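One structure is given here, and the rest of the page talks about it.
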Amino acid sequence: MLFPACYIASGINIALKGDMIFFERADGVQRVTAFYPTGGVVISEESSRPFKIIRQELDFYRFLNLPAPRLHPEERYRKRLQLRNPRKLWSRECAKCGKPIETSYVPERPEIVYCESCYLREVY
């Protein structure tokens, strides 16, 4: 069974009762969809690729009060990788002592970067 991603998004409450899954919008409109014990298939919002959500995964999201995923797992992984720093070292100066250091933070970024000895003094 396919669950359109528009039903699995922030602001929509998901409830499991037996083998049924309930989607309830903030305005109180409730949609009941049959739910198979092995899980449901959701269509990704970006690529329209189907992916499966199992009952344990939905229970986990409900327990942590998180919205169900709207993107295919590979798309979510790709987006997480885009948040990482590039695999290149940049020359910067320590924000405390001015000693030259190499870091993965581009010099134009606003983060404060310390050398190892200044960082350890700051933390400990």
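Specify whether the C-alpha gyration tensor of the stretch 70-124 places it in the rounded, prolate or oblate class, a ≥ b ≥ c being the square roots of the eigenvalues: rounded for a/c under 1.5, otherwise prolate if a/b is larger than b/c and oblate if not.
Since a/c reaches 1.5 and a/b is larger than b/c, the shape of the stretch 70-124 is classed as prolate.
In the neighborhood of C94, defined by Cβ-to-Cβ distances under 13 Å, what is the net charge if each Lys or Arg adds +1 and each Asp or Glu adds -1?
Cβ neighbours under 13 Å give a net charge of -1.
Can you list residues whose amide H is under 5 Å from E93's amide H, if they're 5+ apart or on another chain and H is modeled 1.01 Å from N?
Residues meeting the amide H criterion: I101.
Using 0.36 nm per residue, how much length does the chain from R109 to L64 gain when fully extended, once their Cα-Cα distance is taken away?
Stretched fully, the R109-L64 segment lengthens by 12.9 nm.
Apply the Karplus parameterisation 6.51 cos²θ - 1.76 cosθ + 1.60, with θ equal to phi minus 60°, to every residue of the stretch 55-71 and state each ³J(HN,Hα) to the nearest whole Hz, in sequence, with x for glycine and proline.
These are the phi-based 3J(HN,Hα) values: 4, 5, 5, 4, 4, 4, 4, 5, 4, 8, 6, 10, x, 5, x, 10, 10 Hz.
Rule-based calculations on the coordinates, nothing more; no lab input. Please read these numbers as outputs of a predicted model, since none were measured by experiment. FYI the Cβ positions are ideal-geometry reconstructions off the backbone, even for glycines, and counts take in every protein chain you see.
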